[in-house]
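Here's the structure we're looking at; comments come further down.
Every number in this text was worked out from the coordinates using simple rules, so none of it is lab data. Everything quoted here is computed from the prediction, not taken from an experiment. Quick reminder, even Gly has a Cβ in these numbers, built from the backbone with ideal geometry, and neighbours come from all protein chains shown.
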């Protein structure tokens, strides 16, 4: 199973971070990304907000030797926003970053509530100087430094240097170094930044466990299906990591509205009997836990695969669904929030697959028999038929039928005999019924798909179903083949006088049933729910399967009373269709 989701900056998950600020200078660490708007709008546009200045620490990518906390200084590793200044080097607030924030002296305390997209920690400590960082601790009853750092193997026996900002003007008392014997009295508060150094020890310790992504959020978009999240134990003890699904807050003004939670599932064990992965639902407030061995021991790291149950999505196409995956540990130390989003997908596009026919209706006659088991003839000379067995039986060797179905954004789906995918004159990718619609300069990059069991006709007329999937689970259409359809009829042989459907003078077409038959094919695709396993549920937006049924009616000579001599057959099998493009328009040939 491919992991088709995009792990990238989140675009739709929202939560608020509240930070307690004191008069003067405060060290702040943001766990949310608020870059959707400017600081002029976010802070400067709020007259009740007492924040005067915001400075961001931008450590160099190369080795840096900061031995003591740096004061904000234009032109150094700082970018800044000042309320009274017209031009500012700091325009927006990113998450997973440390800031110095100054509040006016006339405001003793201020709770700054900032809405943004959650961002997990994703950078390492430097061993060449002080780090200006914060920690994703729990917001209620956070641990104290001695307990928090004691779980890091790299910090055992190391006395770290830690500076914090108690508030007030910058000077000898702000920031202030925490001496080891007061660690027990200082909590590692979520949203607070510290200057910290741990000697020559390299580590990336931000808590007892690490959540590893290839970005900052999980965005399934309208095609993604699953994403891998690696959980790693960074502590010296066995640890249990639990994930809980929480709601996203409402989007800020001007951002896409949230239409609800995405239906998430978590992949479970592999079933060696049916060779598929199981799953567990992850509803709102639902949890899933993993127990990890101590750091650097077998079992200290696991892969958690989060899937999107596309089959359970009922929102209109284009609806944005979002939530927050909250990872916590059994110590009650850490809370890492990861945004998760998905877009309700349309089923529009070109679907390509096949039906595998493995059941065929018979036409076996039983005859009346007499002495010696010999068949008895009627007065007209023909044998007397006592029974016709038309039951459906399994065949020894199944046969495939190519299926090409175009599902529009609105209206009924269509069964196609052939279709072309390529570039048009403006080099846009199109799905078209005729090669003449394609850009001749790029024909080598185009593709033609054909279903040879369906009758060919020059205008490439499609056969309309009675609905579209997934709204309609039983799609039916009728394919007609006239008795004189020369390009496609298997009964016609142009150069054989007994099968050319012409009279002896070759100047008149014979009636239906004289030398050839008309054929009516009633085709039904009955879509069935996906299998009850992880891979089937997450791939429901790009693959459908079900039962293929076709009734074939052959019509011959006319009978008295206006009816025709007919013979009926039925075939059945399974079908699978995979969406190869989501282009909703079927371009006609010029």
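Shown here: Rg and Dmax of the Cα atoms in Å, derived from the displayed model; of the candidates [x] 23.5, 69; [y] 28.2, 96; [z] 35.3, 124, it corresponds to [z].
Could you list 78, 25 in order of exposure, starting from the residue whose Cβ has the fewest other Cβ atoms within 10 Å? Can you show the working numbers first?
Details: 78 18, 25 23.
Fewest-to-most Cβ neighbours within 10 Å comes out as 78, 25.
Please report the antiparallel percentage of DSSP beta bridges with both residues in the chain, rounded to the nearest 5. List each step's numbers first, then the result.
Values: 160 of 167 bridges.
Antiparallel: roughly 95 percent of the beta bridges in the chain.
A compact globular protein would have a Cα radius of gyration near 2.2 N^0.38 Å; the ratio found for segment 66-225 is 1.15.
In terms of the mean number of neighbouring beta-carbon atoms within 10 Å, the peptides 253-263, 80-90 order highest first as 253-263, 80-90. Take the Cα radius of gyration of segment 209-343 and divide it by 2.2 N^0.38 Å, N being the number of residues; the result is 1.11.
Between residue 291 and residue 158, the FRET efficiency estimated from the beta carbon spacing at R0 = 30 angstrom works out to 0.60. Footprinting exposure proxy ranking of 205, 399, 36, fewest other C-beta atoms within 10 angstrom first, gives 399, 36, 205.
Given the peptides 360-370, 543-553, arrange them by the average over their residues of other C-beta atoms within 10 Å, most packed first.
Those peptides, ordered most packed to least, come out 543-553, 360-370.
The spacing between segment 259-290 and segment 174-240, judged by their C-alpha centroids, is 26 Å. Each of 187, 16 was scored by other Cβ atoms within 10 Å of its Cβ. Listed from fewest to most, they are 16, 187. For the pair residue 303 and residue 106, label points projected 7 Å from Cα toward Cβ lie 6.0 nm apart. In segment 229-277, the alpha-carbon atoms span a convex hull of 163 Å³ per residue.
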